[in-house]
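Asks: Pasting a structure here, questions to come.
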Amino acid sequence: MPLRVLFAFTSGVALSLAFEPVALPVLIPFAVAGLVLTCRGLSARTGWIPGLAFGVGFQFVLLYWMRAVGTDAWLALATGEAMFLGVLGSLVAVLTRHRWWPLWVAAAWTTVEVWRSGWPFSGMPWGRLAFALVDTPVAGALPWIGVVGVSFLLALSGTLLAWTVVARGRERLVAAGALAALVVVSVIPLAVPWQPSPESEVTVAAIQGDVPGNGDDILYDFRQVTQNQVDVTTRLAADVAAGRELEPDFVVWPENSTAIDPFRDVQTNSAIWAASEAIGVPILVGAIVDAGPEHVLNQGIVWDPVTGAGDRYTKRHPVAFGEYIPARAIFTRQFGRLAEIARDMSSGTRKEPLQVAGVPVADAICFDVAYDDGLFDQVSRGAQLVTVQTSNATFIHTDQIQQQFAITRLRALETGRWVVVASTNGVTGVIAPDGSVVASAAPRSQAALVERVGLDSSITPAVRIGPWSGWFLVGLTAVGLVVALRASGLPYRRSRERQQAEDGSAGSDLAVPARSASEGRNPGE
């Protein structure tokens, strides 16, 4: 067991290196195979041990950036996520008892990804296998089968590799052939790529105003954060008037462009009006809006230069223990620091795209981009363009901003849409439907990115499939568990039945005289 634990931990660390900033996705099949080999041959009662070791190696390295919030936050989040891999270890131990185990284990891996991406407290999708391969040939499969499907293919590559290692004789040739066939299937989209079909184009400006001070505290001087957005926008207006820049159809400001309610604070309200009137087109403003004495909303507000605030999108996935406190009475009593979050952020439920300057836009705010539901809902209902408003200020000195931007590029591929990203101080960028970065701003700088982007109404197969691929793999995992448990139970039942038959036949040949209850007992029995 110590060697299994060490090998599993090393495999978990290797998997973390597949993601930004190292970005070596070639490690994925080897890391997955490492988990399978360390759990194979164990029982469900002990399989969780190397599974947990794998999870610790993976999640503690991948989520190291959470130390920007606090060491306690990093330890708590990474430990919670590692426990899901512990459960996966037990599942692997059970599923590898059946001859079709490479299929069942790959389904189980993806099922656990889906599970931890939505539970508890809305889940934590970071570390899904598909999030690591934006710059690989396999990324071409994203418009066809989505993040869930690609994660399954990657997990299957690891389980088939593990099968190749443990197989013997002709079976090893079969395993190697299956792995080679999977590689071919994975790159078929290169020959038949998804072709976006934009109907028209618009010009969009993404504003990065920067954050004062060290750049990692959005509340350090929140009024200056708003003023920076105003200043960059008014400079853009001057460049447009002078003919130095294209006139945008609308402008995108980042999340937390104002950390105070622009409908209640006169100074903030006036500043937004000034910027809107200067540029003369709608601005999608990221704002914190009051929702009563105990709650706030994180919103993207369409601010028209004539009519003012209009359509709004509310963040669907606020961060637990960062933007709201579940079971507040319990946790704030145990962890006094959580009381600093005075009001809970409420979740949005909007499924329809925003209307910005006549364009149907799918909006995502910060971590929303890592979840499937919000963008799928809006794109399937007619959104022709995706915007991401984010404030990565807390993590500006960490690798989190690179990881999130990689996820955003994947969403461009998956949805077949142009994506415009506005961040307070990094990374702001414009992404084409093939995942390529057309323009980006350096972190900790002020910039206005103005680009022509396509508007596309076509729906990728991945968006049409939606959550059904995840549910299918959950069902496949359940079937695999039933089959594996039945198969592992049959030898025991057959042995028991054979023993009973032998006992019965022996009894017919040899008569055993009946004894009284007192006969044949040793003293003291």
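Asks: Multiplying the sequence separation of ALA342 and TYR220 by 0.36 nm and subtracting their Cα-Cα distance, what value in nm do you get?
Replies: Working: separation 122, 0.36 × 122 = 43.92 nm, distance 1.69 nm.
So the extension gain works out to 42.2 nm.
Asks: Continuing with this model, one more query. With N set to the number of residues, divide the alpha-carbon radius of gyration of segment 1-105 by 2.2 N^0.38 Å and report two decimals.
Replies: Values: Rg = 13.7 Å, N = 105, 2.2 N^0.38 = 12.9 Å.
Output field value: 1.07.
Asks: Taking 51 Å as R0, compute the FRET efficiency from the Cβ-Cβ separation of VAL174 and GLN446 and round it to 0.05.
Replies: Values: r = 59 Å, r/R0 = 1.16.
Between VAL174 and GLN446 the formula returns 0.30.
Asks: Give the Rg/Rh ratio for the chain, taking Rg as the radius of gyration of the Cα atoms and Rh as the Kirkwood radius, to two decimals. Walk me through the numbers on the way to the answer.
Replies: Values: Rg = 28.0 Å, Rh = 25.2 Å.
Here Rg/Rh amounts to 1.11.
Asks: Let me ask something else. Show me, for segment 452-463, the HN-Hα J-couplings you get by feeding each phi into the Karplus relation (A = 6.51, B = -1.76, C = 1.60, θ = phi - 60°), rounded to Hz, glycine and proline as x.
Replies: Rounded to whole hertz, the list is 7, 10, x, 10, 10, 9, 5, 10, 6, x, 4, 5.
Asks: Indicate the gyration tensor shape class of segment 350-481 (rounded, prolate or oblate), computed on the Cα atoms with a ≥ b ≥ c the square roots of the eigenvalues: a/c under 1.5 is rounded; otherwise a/b larger than b/c is prolate and the rest oblate. It would help to have the intermediate numbers written out before the result.
Replies: Details: a/c = 2.23, a/b = 1.40, b/c = 1.60.
It comes out oblate by the Cα gyration axes.
Asks: Spelling out what I want: for every residue of segment 98-104, take phi, set θ = phi - 60°, compute 6.51 cos²θ - 1.76 cosθ + 1.60 (Karplus), and round to whole Hz; glycine and proline get x.
Replies: Couplings: 9, 5, 8, 4, x, 5, 5 Hz.
Asks: 5 Å is the cut-off here: which amide hydrogens, built 1.01 Å from N in the peptide plane, fall below it relative to ALA309, excluding neighbours closer than 5 in sequence?
Replies: ASP304
Asks: Expected output is a single nm value to one decimal: the length gained when fully extending between VAL187 and PHE263, i.e. 0.36 nm times separation in residues minus the C-alpha distance. What is it?
Replies: Values: separation 76, 0.36 × 76 = 27.36 nm, distance 5.11 nm.
Difference between extended and current length: 22.2 nm.
Asks: Now, a different point. Given a 1.4 angstrom probe, I'd like the percentage of the accessible area of segment 40-128 that is carbon and sulfur, rounded to a whole number.
Replies: Numbers: 2320 of 3360 Å².
Carbon-and-sulfur percentage of accessible area, whole number: 69.
Asks: On a 1.4 Å probe surface of the protein chains, which of TRP253, TRP119, TRP48, TRP273 comes out largest in accessible area, and what is the full order? Before the final figure, lay out the partial values.
Replies: On the way: TRP253 0, TRP119 140, TRP48 115, TRP273 65 Å².
Most to least solvent-accessible, the answer reads TRP119, TRP48, TRP273, TRP253.
Asks: Tell me, what is the 1.4 Å probe accessible area of TRP65, in Å² to the nearest 10?
Replies: Here the residue's solvent-accessible area equals roughly 10 Å².
Asks: For helix 142-166, what angle does its Cα long axis make with the longest principal axis of the chain, in degrees from 0 to 90 and rounded to 10?
Replies: 30
Asks: Report, please, the projected area of segment 210-297 averaged over directions, based on the convex hull of its C-alpha atoms, in nm². Provide the component values of the computation, followed by the final result.
Replies: Values: hull surface 24.7 nm².
Convex hull of Cα atoms, orientation-averaged projection: 6.2 nm².
Asks: Using modelled amide H (1.01 Å from N, peptide plane; none on Pro or chain starts), what sits under 5 Å from the amide H of ALA291, excluding residues fewer than 5 places away?
Replies: Amide H neighbours of ALA291: VAL296, LEU297.
Asks: Relative to a virtual label point 7 Å from the Cα of LEU246 in the Cα→beta-carbon direction, which members of segment 343-366 show backbone nitrogen distances below 19 Å?
Replies: It comes to 356-362, nothing else.
Asks: Shifting gears a bit: Calculate one ³J(HN,Hα) per residue across segment 377-387 by plugging θ = phi - 60° into the Karplus curve 6.51 cos²θ - 1.76 cosθ + 1.60, and present them in order as whole Hz with x for glycine and proline.
Replies: In residue order, the calculated couplings are 4, 6, 5, 5, 9, x, 5, 9, 8, 10, 10 Hz.
Asks: Calculate, axis by axis, the spread of Cα positions in segment 26-159 along the three principal axes, and write the results as whole Å, longest axis first.
Replies: Computed over segment 26-159, the largest-to-smallest principal extents equal 45, 39, 26 Å.
Asks: At 7 Å along Cα-to-Cβ for each site, give me the label-to-label distance between SER458 and LEU485 in nm.
Replies: A separation of 4.5 nm, rounded to one decimal place.
Asks: Roughly how many Å² is the accessible area per residue of the chain, as a whole number, for a 1.4 Å probe?
Replies: Values: 22760 Å² over 525 residues.
Per-residue value: 43 Å².
The values are calculated or read from the model by the stated rules, or taken from the named source; none is laboratory data. In this text the structure is predicted, and so the values were computed from the model without any measurement. When we count neighbours, we look across all protein chains shown, and the Cβ atoms used for this are built from the backbone with ideal geometry, even at glycine. Quick note on the areas: whole protein, heavy atoms, side chains included, nothing else; ligands and nucleic acids left out. Shrake-Rupley method; radii C 1.70, N 1.55, O 1.52, S 1.80 Å.
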